[in-house]
Amino acid sequence: MKSFWQDIRYGIRVLAKSPGVTAVAILTLALGIGANTAMFSVVNAVLLRPLAYREPDRIVTISSLWTKNARHGQVSSPDFHDWHDQATAFDSMAYYKDEECTAIFNGQPEYAHCAKFTPEFFRVFLLQPAAGHFLSDEERKSGAVILSYSFWQQHFAGDRNVIGQSIRLFDRSLPIAGVAPPGFRFPVNTDIWYPANTIQPETASRSGHNYLVVARLKPGVSLGEGRAQMTAIAARLARQYPSSNEGKSAAVDLLRDDLVSNVRLTLYLLLGAVALVLLIACANIANLLLAKATGRAREIAIRTAMGASRGRIARQMLTESGLLAVAAGCLGLLTAFWCSAILVKLAPADIPRLNEIGIDWRVLAFTFGVAAISTTLFGIAPALHAAGIDLNEALQSGARGGSSRGTRRLHGALIVSEVALSVVLMAGAGLLIRSLDALLKVQMGFRPEKIVVMETDVPASDEAGARRATQLYKSFLADAAAIPGVSAAAAARDLPGQSTSNGIYWIDHLPPQEQWTMSGPQAVMSVVTPGYFRTMSIPVASGRDFADRDTFDAPFTALINEALAKQAFPNQDPIGHVIFCGLDTLKPMTIVGVVGNVRQWGPAIKPWPEIYMPYEQHPQTATSLNLLVRTAVESGSVEETLRRKLHNISPDVPSKFTTMQAELSESVAAPRFRALLVAAFAALALMLAMAGIYGVMAYSVAERTREIGIRMALGAQTSGVVRLVLGQGMKLVGVGLALGLAGALAATRVLASLLFEVKPADPVAFIGAIAALLCVALVANYIPAQRATRVDPMVALRHE
């Protein structure tokens, strides 16, 4: 211990003698450690940390599984009830469905995130209420609500006297039965829970897949046993109900795995990218310390001559590296707090558990581990070099100020590794940027510019209330269209990029229910108002648009898109044919027009067949509409006018505003997040590589001052000196580029599932990465080369 503390004190003195080099090393390493710690804090919160429920590894999700294409999906209520009654592997099982709705309390309407649930929902999570109780059998039949703890605190100041008071949902007054415990808001950010099949009847068809299912495994029952039992039950149902359940099984997954299934690859990709930045930073610092150790060769030789062992010399060098790593780790931890906040702001909304990001023991252990690994990575080379110094050679070369051939090879190897790692990062960034660019260039089938989106919800619990809602929208749209600066106004239940309703359709006749099959043709089902296609600039290819005469009492009509016309009516005119679908009614709808295709699921997915239906004929599905207003002025100038007009018509209807372009931006949030971060990491790697190449070449020129002076004294031209230095540096860069290209070709295969219309071996991305690194390398090599031409032969020789 005495010698250890001696090494630390001596290391501090050595580092303090060159504060500039020490500061650069600490800042470089702190940046790498901080970025890695911040990224790991996200991975830890989202992927690694157990869910904040009791016995979370027993909570599972159960979903419909179509075996033909291995697609998971929502569950029909008849399937759920059969699963619930026949499965013995689960303690509890419940379905739920969440949506935004209008909640009215104290006379004020407000948007709330609501979820309907079946009786065992709270038992799945083993919860106890913070106040009140979790619904009696009578309350499940008549209707009552449970508030989230945060909603209770925010709107009722945690007053226990609100239990028994009423809150208005779906135009019904419901008593508050209880409050969920703090922190529980499943599914995402739920404010209010209400019992299923009371306010709104559940979908009775096995073809209506509208619900999500959670369950708790019994003690001693494994996940595999639960899966086997559900597969057997699903097989029995497929035999019993072949028209709806043939080819359909059940998938059982841990809730934690299901929540993060869409983001796991992205987060691990970003963690890998930032790890490459740390490796490049370590290579940079290793080169810096190696140059410093070479300058200390005479000191080390003298210590060796005085009896210091090679092990003691190596330990001293590693101690100095450790001191750098400790200082960088502390600074990196502070940097991680700042970087984590930025990551949360940049992250797309579909990444779960972002509110749980923080510094816990795992993050601290990770930071400590990264600092320790960094010490080894950048400290081992200088330590081995110092321990291996030959006494006589060091004393002789110390007089000349040169370094050994082995040291120069080590410098070169580190430069090669920096360049190779940078190529991998640059190529990956290039692929993701190219993919994002391709997504942004996709034509969505409409013009999103200057469209204000006003999200609304009219409370309604029955058909009469829904029909009143359609009349409210009809009146409001007429007022909105008359606002100065508004060129068109319409409304739709779902917007392109967020469509979620799809199902089977039938042409010309409706088969008996026993012949319905899930293998039939599928289409997106959209409810819109007259003027929707003009407002969105979707062309009507043939036939007519919806009109005010398409009311509930008139013959039912529909428009279809070109994709459905091509699928169902090849070489035919679809207008006049009848179409059926199970959106909310099975009435025959006459096709009166064909419109252009729209990418309903975002730019990455080709247009689906789509059926458009007039809102007045489907009032039950049209109580929550997105009002669309195309303006010729700034969107902010019409928002307040729209809000005021809606309030004058109905004070009980809340509203939220955005724009169509903002909605589309959300559909590419995940690829934009990936591309932005990997590009930032690649740019950082490029700067570190440039600094590393420059540092090594500048050091090499300083070492070769005598040689360059002699060459110039003997008549060497300036261009020859530049070629000499550039050639030395660019050879190393060339080797690094070759190795990096091979590594990138292998590594970028991981990105295949994340790319859109770009191949993992895209030549443009690879050529761009190589060109960028070549430019940076030329600059980093040229500056020292130019400096070498200014060497005065007489000064160099006189110095020797």
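Values computed for the structure shown
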read-out: Cβ-placed point charges (K, R +1; D, E -1), dipole of segment 133-191 about Cα centre in debye, nearest 20; value: 60 debye
read-out: Net dipole in debye of the chain [+1 Lys, Arg Cβ; -1 Asp, Glu Cβ; about Cα centre; nearest 20]; value: 4120 debye
read-out: Positive-pole candidate from Thr231, Leu269, Pro242, dipole of segment 218-285, charges at beta carbon; value: Pro242
read-out: Accessible surface, per residue, of segment 116-199 when the full set of protein chains is kept, probe 1.4 Å, Å²; value: 41 Å²
read-out: By average C-beta atoms within 10 angstrom, highest first, the peptides 721-729, 276-284; value: 276-284, 721-729
read-out: Segment 556-647: trypsin sites (Lys or Arg not before Pro) falling in loop per DSSP and having at most 11 other Cβ within 10 Å; value: none
read-out: Carbon plus sulfur fraction of accessible area for the chain, probe 1.4 Å, in percent; value: 58 percent
read-out: Residue-averaged 222 nm ellipticity for the chain, from DSSP H runs of 4+ at -39500 (n - 2.57), nearest 500; value: -17000 deg cm²/dmol
read-out: Furthest towards positive pole of dipole, Val14, Ser76, Ala45, structure part segment 3-117, Cβ charges; value: Val14
read-out: Positive-end residue, the chain charge dipole about Cα centroid, Cβ charges, pick of Ile342, Ala685, Ile104; value: Ala685
read-out: Fraction of antiparallel bridges per DSSP, segment 110-247 only, in percent to nearest 5; value: 55 percent
read-out: Nearest-0.05 FRET efficiency for Glu463 and Val221, computed from C-beta distance (R0 41 Å); value: 0.40
read-out: Label of the coordinate-derived value, mean projected area of the Cα convex hull in nm², listed as (1) 71.0; (2) 37.5; (3) 43.5; value: (3)
read-out: Test item: Cα-centred dipole of segment 633-768, Lys/Arg +1 and Asp/Glu -1 on Cβ, debye; value: 560 debye
read-out: The chain, relative contact order in percent, only Cα pairs under 8 angstrom and at least six apart counted; value: 17 percent
read-out: Efficiency of FRET between Gln522 and Val735 - r from beta-carbon atoms, R0 51 angstrom, step 0.05; value: 0.40
read-out: Reachable lysines, given that their alpha-carbon falls under 22 Å from the alpha-carbon of Lys248 and they are not under 8 places away in the same chain; value: Lys68, Lys97
read-out: Loop sites in segment 77-180: trypsin sites (Lys or Arg not before Pro), DSSP, at most 13 other Cβ within 10 Å; value: none
read-out: Anchor Lys17: lysines whose Cα lies under 22 Å away (excluding residues fewer than 8 positions away in-chain); value: Lys292
read-out: Span from the segment 306-372 Cα centroid across to the segment 442-489 one, whole angstrom; value: 52 Å
read-out: Cα-Cα over 30 Å, subset of Lys141/Lys218; Lys345/Lys450; Lys566/Lys656; Lys450/Lys587; value: Lys566/Lys656; Lys450/Lys587
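The values are calculated or read from the model by the stated rules, or taken from the named source; none is laboratory data. Given the structure is predicted, the values throughout are model-derived calculations rather than measurements. Reconstructed Cβ throughout: ideal geometry from the backbone, glycine too, with neighbour counts over all protein chains shown. Surface accessibility is based on the protein's heavy atoms, side chains included, excluding ligands, DNA and RNA. Shrake-Rupley method; radii C 1.70, N 1.55, O 1.52, S 1.80 Å.
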